[in-house]
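One structure is given here, and the rest of the page talks about it.
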Amino acid sequence: MNEPHDLTSAATLRAEFAAALDDGQRSKWAAAFATVPRELFVPRFHQQDDKGQWFALSDGDPGYLETVYSDIALTTQLDEHGIPTSSSSEPRLMLAMLDALGAEPGDRLYELGLGTGYNAALISSVLGDDSVVSVDVDPGLVLLAQGRLAAAGYRPFVLAGNGTEGVPERAPYDRIIATAGLRRVPPALLSQARVGTVIVAPIGYGIARVVVSGDGEASGRFLSMPAFFMRRRGPALNPDFPGVETAVGETTAVPVSDVIDRLRFPLSLALPGYNSCSWRDATGRVTGVGLWTEDGSTATAHATGTVRQIGPERLWDTVEHLASVFRDGTPAHEDFGLTITPDGQRFWYGDPKGPCWPAPTD
Ligand SMILES: C[S@@+](CC[C@H](N)C(=O)[O-])C[C@H]1O[C@@H](n2cnc3c(N)ncnc32)[C@H](O)[C@@H]1O
């Protein structure tokens with residue numbers, strides 16, 4: 001068995017890490033990163049080598065503490081297929097989300113996605129235990145996180161369950177944060193907010209920040225930083241590549257690399273929950289992309305300009321539409337927004353009257 005880490009080294013690394021995250025901003029949330037020992041929440045995690053193979057790093061292993069105190073997401077759980085199901089997110093992204101949330105002592109806060117408990121500990125260190133409620137869908141993770149939170153001296157209210165349903169008994173919340181990828185703001189969470197509640201949630205490849213303005217009403221913009229969070233869990237799904245090969249080829253003038261590059265974020269709003277993959281040649285040039293969604297729709301496009309699509313939704317048509325809206329350059333995340341009314345939720349570009357895309361209703 002490994003010797004556990006040296007406490008003095010951990011404290012030194014933690015102080016340097018928090019100072020680097022803060023970058024002179026003096027954020028109270030950066031001070032929380034200097035207070036809470038991240039290593040208590042990630043005694044073991046998984047990393048990928050340059051061939052994509054997972055290996056575990058545990059407390060006491062060479063490089064363990066340095067990795068804990070670097071600005072990277074740490075994968076803490078893999079499913080039987082080697083797909084990550086829980087992680088401690090990149091600290092700089094966590095800090096940006098906490099700053100955007102702007103919670104103050106006295107605020108009551110709800111977190112969807114307890115995971116390791118590290119974020120709940122950071123929040124508890126500023127708001128106090130009684131103000132924090134955090135839910136994870138995985139009961140095993142909740143048990144582990146609860147023990148680690150207690151060992152670190154924090155006792156927020158934690159619960160196993162579907163976080164999209166909230167915890168109405170403890171509502172209303174002044175701040176709501178999701179740390180699992182969503183397709184829209186869950187209506188149950190809106191109903192557990194009050195006027196003025198700030199909600200920060202990863203949606204597609206961005207982080208939405210909306211302020212509640214009335215019953216079932218909220219609006220705001222996306223943060224400027226790109227992000228991708230593991231999605232709220234659902235059934236696995238595979239692309240129908242054999243099926244799509246039987247479709248008649250069409251032509252496109254849109255460069256295939258746009259899908260994984262400049263149109264990636266708008267596509268994640270226009271095609272919520274879509275999946276993609278790409279093929280590259282020996283030089284690394286993208287030679288093709290595949291897109292698929294959970295209704296079975298699949299599309300492939302090749303650098304030759306040939307597109308094939310099958311299923312209820314013509315996915316490449318959405319790519320063509322976005323390429324016609326965003327003709328040049330990469331649209332900035334913060335130019336996109338989200339408006340929520342009792343009738344539905346929609347993403348927009350520029351301003352609420354600009355081009356818009358409906359959020360899914362489930
Ligand atoms: C990126 S991790 C959360 C990181 C966490 N905040 C931390 O500090 O370690 C995402 C978590 O969301 C959880 N999750 C996924 N879908 C969920 C759902 N519907 N309700 C609650 N938790 C969910 C996963 O089990 C996973 O632990």
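The values are calculated or read from the model by the stated rules, or taken from the named source; none is laboratory data. All of these numbers come straight from a predicted model, not from anything done at the bench. Please note: Cβ atoms are built from the backbone with ideal geometry, for glycine as well, and neighbour counts cover all protein chains shown.
Annotations for the structure displayed:
- Yes/no for A208 being in contact with a strand residue (DSSP E or B) (Cβ under 8 Å, 6 or more places away or on another chain), closer than 20 Å to L98 by Cβ and not β-branched (V, I, T): yes
- Within the range 126-140, being near the ligand (Cβ under 7 Å from one of its atoms) and assigned to a loop (DSSP other than H, G, I, E, B) holds for V137, D138.
- Per the listing L263, L267, L182, L271, the residue uniquely closer than 23 Å to S86 by Cα, crowded, with 21+ Cβ neighbours inside 10 Å and in contact (Cβ under 8 Å) with a residue 40 or more places away in the chain is L182.
- Index of the failed condition, A100 passing every other in (1) in a loop (DSSP other than H, G, I, E, B); (2) touching a residue at least 60 places away in the same chain (Cβ under 8 Å); (3) under 18 Å from the mean Cα position of the chain (by Cα): (1)
- Given (1) at pLDDT 95 or above; (2) away from the ligand (no atom under 12 Å from the Cβ); (3) over 21 Å from T75 (Cα atoms); (4) not in a loop (DSSP other than H, G, I, E, B), index of the condition L143 fails: (3)
- Matching residues in the range 106-165 - criterion: being hydroxyl-bearing (S, T, Y), within 18 Å of T197 (Cβ to Cβ) and surrounded by 20 or more Cβ atoms within 10 Å (Cβ to Cβ): Y110, S131, S134
- Check on I123, within 23 Å of R44 (Cα to Cα) and more than 12 Å from the ligand (Cβ to nearest atom): no
- The set of residues in the range 210-223 that are part of a loop (DSSP other than H, G, I, E, B) and at pLDDT 95 or above contains only L223.
- Hits in the range 22-47 (condition: surrounded by fewer than 20 Cβ atoms within 10 Å (Cβ to Cβ) and closer than 16 Å to L98 by Cα): D22, D23, Q25, R26, S27, K28, A31, A34, T35
- Scanning the range 317-361 for residues being part of a loop (DSSP other than H, G, I, E, B) and touching a residue at least 12 places away in the same chain (Cβ under 8 Å) gives a total of 13.
- Per the listing E217, E165, the residue uniquely in contact with a Ser or Thr (Cβ under 6 Å, 6 or more places away or on another chain) and outside the structural domain of L271 (by TED's automatic domain parsing) is E217.
- Looking only at residues of the range 168-191 that are over 19 Å from the mean Cα position of the chain (by Cα) and under 25 Å from L95 (Cβ atoms), we find that the one that is farthest from the ligand (Cβ to nearest atom) is D174.
- Looking only at the range 146-165, and only at residues there that are without any contact (Cβ under 8 Å) to a residue 12 or more places away in the chain and part of a helix (DSSP H, G or I), the one that is farthest from the ligand (Cβ to nearest atom): A150
- Neighbours by Cβ (under 7 Å, 6+ apart or cross-chain): first from the range 69-88, more than 28 Å from A18 (Cβ to Cβ); second away from the ligand (no atom under 13 Å from the Cβ) and modelled with pLDDT of 90 or more: L78/H46; L78/W54; G82/W54
- Residue list for the range 291-315, restricted to those being under 14 Å from N238 (Cα atoms) and either surrounded by fewer than 19 Cβ atoms within 10 Å (Cβ to Cβ) or hydroxyl-bearing (S, T, Y) (or both): T293, E294, D295, G296, S297, T298, T300, G311
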